[in-house]
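Have a look at the structure below, then the notes.
The values are calculated or read from the model by the stated rules, or taken from the named source; none is laboratory data. All values derive from a computational prediction rather than experimental measurement. FYI the Cβ positions are ideal-geometry reconstructions off the backbone, even for glycines, and counts take in every protein chain you see. The accessibility values were calculated without ligands, DNA or RNA, using every heavy atom of the protein model including side chains. Shrake-Rupley method; radii C 1.70, N 1.55, O 1.52, S 1.80 Å.
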Amino acid sequence: MPDRSPKQLHVNLFEMNCVSHIVHGLWVHPENNRHRFNDIDYWTEVAQLCEHGTFDAIFLADVIGAYDKFRGGPETALKEAVQIPSNDPLLVIPAMAAVTSGLGFGATFSTTYEPPFAFARRMSTLDHLTKGRVGWNIVTSYLPNAAANFGYDAEVPHDHRYEIADEYCDVLYKLWEGSWDDDAVIQDRVNRVYTDPSKVRYIDHAGAHFRVAGPHLTQPSRQRTPVLFQATGSPAGMEFAGRHAEVVFTGGLTTEAVRRNIANMRAKAVAHGRPADDIRFIVQAGVIVGRNDVEVADKVAKYRALLSVEGRLAHSQSVIDYTAYPRDTKVSEIKVVGAQPWSTQIDRSKAELTVGDVLDQLAGFNEDRFFVAGTPGTVADEIERWLDVDGIDGINLRQYLSFETARDFIELVVPELRRRGRFREAYVPGETLRERLYGAGRARLPDSHFAARYRDPRALAEPAPPLRFEPPVKADAA
Ligand SMILES: Cc1cc2nc3c(=O)[nH]c(=O)nc-3n(C[C@H](O)[C@H](O)[C@H](O)COP(=O)(O)O)c2cc1C
């Protein structure tokens, strides 16, 4: 009998271990707590708040370099605190896990620069400490400064980064899924045997990019492999996600574009022998809610007044300083030295885009499809459309003020969503993050996932079939 209950929303709080993550300029607001990010109490407070709201997880973004293209250097990023200073996302998770029991944690880590063996242990350690509540946002890093921080003269080319990432994950799966048997640890105090050596093995990985002997140092944790998140829109990234990702960040300017991106991604999973439904789709969303329209308008005005266009330009690595041109200048007339990274948020459909148009867009909220400002009813209506019409499964809730954005969502939107049967009433005690997304009994990756091949130790000796990257075609935006 098919489950006819309405689709429920998954909600992650979109966080970063820094002051200004995405909505730049608002750190100056007296009620904002972002400046407390160095303080362990900030993280225990935000974790307890999100647990109180039964959020799925706190999702920690991260970059390992500075934004230093705008105005030819990192000065604006430093002045505006755009993701610098920043701290390691993995290191705040144990503190948050210690004061919560249901909340999950997603952490970003790059596959391009630090070798996999040490990362494998860090994530297994976190999966133990959180009792299976951890996920990994797989990124290949897009900042030139990140490459320079790890001894590279230039960025590793885009598609090549995904080739490296594919082998990186292959090594991790061998360590997480193949190196130890579930019953290796026996703690036999009579015969003084802690681990049965016959149930632990080397992985002897020798690939184009990595050579790792193993064995993994950490005994199996509840999920073994953390939940695998990924954000992508490129052909190479989607090919990679088809093999690896369990949760994909998607987007689009129209319902048609969102549905097409989701359908394309499901087709990629099927092409990799996985059920089409083995991927959940999350979007980054902006929600500003108030008890009445006056309160909503006040909040929108309060936030908008502090938005920093320069902060956004620094974040988008813009090589054009639009603030230096008269507003009626046509963008097409601006000569650019070097590639101008068009951020997808700039609607370029207008024939003769002027500097004024760009500045107005950068000074606005309405980035893309997933933004709503309104009373709880209005917000819940919109969210139901995102779930039922666009076909998404959840949101990364973008923060305007910490902790006001999360608190407002919990106090005003969650009760309305629950009233409509669209959000959990409570956590399932002891569930892992993977079970929260895929249902009870699914703590481990399914057998249909590529990583499961290493549950048969004989597969450790077989080279993994490489991913096939087609020549780039632009993903749908319009
Ligand atoms: C919601 C979301 C969160 C992201 N978080 C990060 C992040 O924390 N660190 C990072 O380096 N890249 C992050 N990215 C960028 C992606 O990892 C990736 O570089 C981008 O989506 C382009 O992928 P593509 O080149 O495969 O299309 C994020 C992207 C999205 C949409």
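Can we say Tyr168 is open to solvent by less than 10 Å² (accessible area, probe 1.4 Å), away from the ligand (no atom under 12 Å from the Cβ) and among the aromatic types (Phe, Trp, Tyr)? It is true that Tyr168 is open to solvent by less than 10 Å² (accessible area, probe 1.4 Å), away from the ligand (no atom under 12 Å from the Cβ) and among the aromatic types (Phe, Trp, Tyr). Within the stretch 218-225, the presence of a residue that is surrounded by fewer than 21 Cβ atoms within 10 Å (Cβ to Cβ) and at positive phi is excluded. Does any residue of the stretch 41-48 turn out to be buried (at least 20 other Cβ atoms within 10 Å of the Cβ), outside any loop (DSSP other than H, G, I, E, B) and within 13 Å of the ligand (Cβ to nearest atom)? The answer is no, given that none of the residues of the stretch 41-48 is buried (at least 20 other Cβ atoms within 10 Å of the Cβ), outside any loop (DSSP other than H, G, I, E, B) and within 13 Å of the ligand (Cβ to nearest atom).
For the stretch 158-203, a tally of residues being under 31 Å from the mean Cα position of the chain (by Cα) and over 21 Å from Gln223 (Cα atoms) returns 7. When each of Asp277, Asp293 is tested for being touching a Lys or Arg at 6+ places or on another chain (Cβ under 8 Å) and among the charged types (D, E, K, R), the lone residue that passes is Asp277. Scan the stretch 87-104 and give yes if some residue there is more than 23 Å from Gln223 (Cα to Cα) and assigned by TED's automatic domain parsing to the domain that holds Arg161, otherwise no. For the stretch 87-104, residues more than 23 Å from Gln223 (Cα to Cα) and assigned by TED's automatic domain parsing to the domain that holds Arg161: present. Counting the residues of the stretch 100-126 that are within 16 Å of the ligand (Cβ to nearest atom), open to solvent by less than 10 Å² (accessible area, probe 1.4 Å) and either hydrophobic (A, V, I, L, M, F, W, C) or in a helix (DSSP H, G or I) (or both) gives 4. For Ala66, the requirement of being under 27 Å from His10 (Cα atoms), among the small types (Gly, Ala, Ser), within 16 Å of the ligand (Cβ to nearest atom) and in contact (Cβ under 8 Å) with a residue 60 or more places away in the chain is not met. Annotation: Ser332 fulfils all but one of (1) outside any loop (DSSP other than H, G, I, E, B); (2) more than 16 Å from the ligand (Cβ to nearest atom); (3) under 23 Å from the mean Cα position of the chain (by Cα); the unmet one is (3).
The listed residues are Lys199, Lys174, and the only one of them that is modelled with pLDDT of 95 or more and either buried (at least 19 other Cβ atoms within 10 Å of the Cβ) or in contact with a Lys or Arg (Cβ under 9 Å, 6 or more places away or on another chain) (or both) turns out to be Lys174. Checked across the stretch 22-34, the condition of being part of a loop (DSSP other than H, G, I, E, B) and open to solvent by 60 Å² or more (accessible area, probe 1.4 Å) holds for at least one residue.
Filtering the stretch 270-309 to residues that are within 21 Å of the chain's Cα centre (by Cα) and without any contact (Cβ under 8 Å) to a residue 24 or more places away in the chain leaves Ala276, Asp277. Collect the residues in the stretch 177-190 that are crowded, with 19+ Cβ neighbours inside 10 Å and among the hydrophobic types (A, V, I, L, M, F, W, C), keeping them in residue-number order. Hit for the stretch 177-190 is Trp180, nothing else. Can you tell me which residue within the stretch 127-151, out of those that are more than 24 Å from Ala57 (Cα to Cα), open to solvent by 10 Å² or more (accessible area, probe 1.4 Å) and not hydroxyl-bearing (Ser, Thr, Tyr), is farthest from the ligand (Cβ to nearest atom)? Per the criteria, the residue is Gly151.
Residue pairs whose Cβ atoms lie under 6 Å apart, separated by 6 or more positions or on different chains, with the first residue in the stretch 45-59 and at pLDDT 95 or above and the second of a type in the set (Phe, Trp, Tyr) and open to solvent by less than 10 Å² (accessible area, probe 1.4 Å), are Ala57/Phe105; Ile58/Phe105. For the stretch 253-295, a tally of residues being of a type in the set (D, E, K, R) and more than 28 Å from Thr378 (Cα to Cα) returns 5. Here Ser124 clears all of (1) of a type in the set (S, T, N, Q); (2) under 22 Å from Gln223 (Cα atoms); (3) touching a strand residue (DSSP E or B) at 6+ places or on another chain (Cβ under 6 Å) except the condition numbered (3). Inspection of the stretch 241-253 finds no residue satisfying the criterion of being more than 30 Å from Leu412 (Cβ to Cβ) and in contact with a Gly (Cβ under 6 Å, 6 or more places away or on another chain). Quick one: in the stretch 69-82, of everything that is out of contact with any helix residue (DSSP H, G or I) (no Cβ under 6 Å at 6 or more places or on another chain) and part of a helix (DSSP H, G or I), which residue is nearest to the ligand (Cβ to nearest atom)? That would be Leu78.
Residues in the stretch 288-301 that are touching a Phe, Trp or Tyr at 6+ places or on another chain (Cβ under 9 Å) and open to solvent by 10 Å² or more (accessible area, probe 1.4 Å): Lys299, Val300.
Out of Phe229, Phe210, which single residue is in the same structural domain as Arg385 (by TED's automatic domain parsing), under 20 Å from the mean Cα position of the chain (by Cα) and closer than 18 Å to Met123 by Cβ?
Phe229
Is it the case, given these coordinates, that Phe59 is open to solvent by 10 Å² or more (accessible area, probe 1.4 Å) and assigned to a strand (DSSP E or B)? So Phe59 does not fit the description; no.
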